[in-house]
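The values are calculated or read from the model by the stated rules, or taken from the named source; none is laboratory data. Everything numeric in this text was worked out from a predicted model, so none of it was measured. A quick note on method: Cβ atoms are made from the backbone with ideal geometry, for glycine too, and the neighbour counts reach across all protein chains shown. Accessible surface areas use protein heavy atoms only, side chains included; no ligands, DNA or RNA. Shrake-Rupley method; radii C 1.70, N 1.55, O 1.52, S 1.80 Å.
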Amino acid sequence: MKKTNIKAFILGAFAAVTLTACTDGYLGFNTNPYEVTGEEMKRDGYLVRSALTGMQGWVIPTDVNCNQFTESLVGGPFSGYLAESNQGFGNRFSNFNQSNSWNRVFYKDIIPNIYSNLTQLKAVTDDEVFLSVGNIIKVAAIMRVTDTYGPIPYTKLGADGSLTAPLDAQQTVYKAMVQELDDAVKALLPHITESFTATADKVYEGNVAKWIKLANSYKLRLGMRAVYADPTWAQQVCETAVAPANGGVLESNADNAAIGGITNNPFRVVMYEYNGGDARIGADIICFMNGYNDPRRAAMFSKSTFTDASITNNYYGIRIGTDPIPSDKAHCYSNMVITSTSPIMWMTSAEVQLLMAEGALRGWNMGGTAADLYAKGVTLSFEQWGVSGADAYLADDTSLPQLYVDPLGTYSYNGVQPTITVAFDQSADFETNLERIVTQKYIAMFPNGNEAWAEFRRTGYPRLMPVAVNKNVNQVPQGEFARRLWYPQEEYKDNGQNVAAAIADLTPQADLMSSRMWWDCNPRTK
């Protein structure tokens, strides 16, 4: 371990991270350094544990307030997974009229907190295992940020996470991330049979082999995201990601990446405790699962609790982008089945196998056929949720997603019904089977709404309903979808010249929610 002035470093790091909005009490920097000596902290790896677990807490935030903004209010609604059930939310993402205090969180909180912890890690150890795991965590967290805004500070970002650095084009960010994952895997492979201190790792309890699989799985996700922007590079990235010689990818539910040891799951707090629940399940995902008579519903959602005798309680979601519904009515829609101790899922083997199914559909070497990988992904999802019936579900070639009927009669949707079925069809055209694969991946990734939103933007699938009420047609034209968030207002004040230069990487070159980032260029979605 590198020698350093531990007391000074902790105090400096504390000063840096407390400038952000959602960090109070989480990162552990406010621990009194006089309670133990520096040598004692070195001996038990306290600072390494603090840094690694601190970083893990900002991938999908364990801080309740930050989690609410990034998951329940951004990714949840934009994916159709969740919708607001607090009538006091008059300005919100799903109506495209959010305030800056909401809009800033992904950018202004995640990046500094990841880098402050990574800086601590680099200051107290030169162990290649710890540093490699730290870099994998960094990519896992910051990929979500670039997928939300587009160009971001990355390759030129200072060690302290200061956001005044130039913003990289998103293509540059993606290629840097793939290289960092490659470097991490290369460093970890000689240690593949080893483990490090379990208390320093809330995801895999120090299992190096599983971190290698996760790194390759994130690489697969990065490569597939770029398939319409740079198809040759995307294929090369994805094929090397799944190559067995490189350590493999997530392939069983034992490999799933999730933060364990949770005592106050933020999804549970937001869905049940904040004001009686600030969010409920979105109508989109329930319409797909109702139409397919999906056995996973009971494991994922509660039934509605309407007291009106004219409504038969069942699985009902709220359509995204409604006008505020009175909370007592909104709280009657279906909710998430989740406990205070449920782990926070980052990535599942089901998602990975379905990514591989798409690769195989494109003719890439994924180690199996599209049909077999598709079936494996769906089956793994059923196993993850602890339900049976995957074989019968996979054989269903007639059931279709429902059109949304609002039990309160206000926001029903009379648009075009999706016509995609579950059963894989070898004779179907490419686009039909792609829609089938992505639709099942959409169901399997719940509640990771930000990833579902990214896949919807990339592919146009699954076919989501437009928002019910658009309150900002200047940001998003009527009938269209949010493609990104605009940059925080503070960035124009503190880093305005660099932000202005970065906007040139968007299409059109304007800081709008409807502008498209580098990878969002599928001709079918335009």
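Summary table below
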quantity: Residue list for segment 318-334, restricted to those being in a loop (DSSP other than H, G, I, E, B), of a type in the set (A, V, I, L, M) and over 24 Å from the mean Cα position of the chain (by Cα); calculated: ILE325
quantity: Filter pass, GLN478 being open to solvent by 60 Å² or more (accessible area, probe 1.4 Å), over 23 Å from the mean Cα position of the chain (by Cα) and within 18 Å of ASN91 (Cα to Cα); calculated: yes
quantity: Residues of segment 209-230 that turn out to be assigned to a loop (DSSP other than H, G, I, E, B) and in contact with a helix residue (DSSP H, G or I) (Cβ under 6 Å, 6 or more places away or on another chain), as a count; calculated: 2
quantity: Criterion (charged (D, E, K, R), over 30 Å from GLY368 (Cα atoms) and either open to solvent by 10 Å² or more (accessible area, probe 1.4 Å) or within 16 Å of the chain's Cα centre (by Cα) (or both)) met by exactly one of LYS202, LYS210; calculated: LYS202
quantity: Test set (1) surrounded by 18 or more Cβ atoms within 10 Å (Cβ to Cβ); (2) more than 18 Å from the chain's Cα centre (by Cα); (3) farther than 19 Å from THR348 by Cα - ALA226 fails condition number; calculated: (2)
quantity: Qualifying residue in segment 340-358 (condition: buried (at least 18 other Cβ atoms within 10 Å of the Cβ), free of Cβ contacts under 8 Å to residues at least 40 places away in the same chain, of a type outside the set (Ser, Thr, Tyr) and outside any loop (DSSP other than H, G, I, E, B)); calculated: no
quantity: The lone exception for VAL337 - which of (1) under 21 Å from the mean Cα position of the chain (by Cα); (2) closer than 24 Å to ALA215 by Cβ it fails; calculated: (2)
quantity: Where a residue in segment 228-253 is touching a residue at least 40 places away in the same chain (Cβ under 8 Å) and its partner, wherever it lies, is open to solvent by 50 Å² or more (accessible area, probe 1.4 Å) and of a type in the set (A, V, I, L, M), with Cβ under 7 Å and at least six apart; calculated: GLY247/LEU189; GLY247/ILE192
quantity: Matching helices (runs of 4 or more DSSP H) fully within segment 231-317 where at least 2 residues are open to solvent by less than 10 Å² (accessible area, probe 1.4 Å); calculated: 231-242, 283-291
quantity: Condition met for ARG436 (among the charged types (D, E, K, R), out of contact with any helix residue (DSSP H, G or I) (no Cβ under 6 Å at 6 or more places or on another chain) and over 15 Å from MET517 (Cα atoms)); calculated: yes
quantity: Residue in segment 113-172 that is nearest to GLY496 (Cα to Cα), counting only those that are of a type in the set (Gly, Ala, Ser) and surrounded by fewer than 17 Cβ atoms within 10 Å (Cβ to Cβ); calculated: ALA165
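Per-residue answers, yes or no, for (1) in a loop (DSSP other than H, G, I, E, B); (2) surrounded by 19 or more Cβ atoms within 10 Å (Cβ to Cβ); (3) touching a Leu at 6+ places or on another chain (Cβ under 8 Å):
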| residue | (1), (2), (3) |
| --- | --- |
| THR398 | yes, no, no |
| VAL405 | yes, no, no |
| GLU431 | no, no, no |
| ILE443 | no, yes, no |
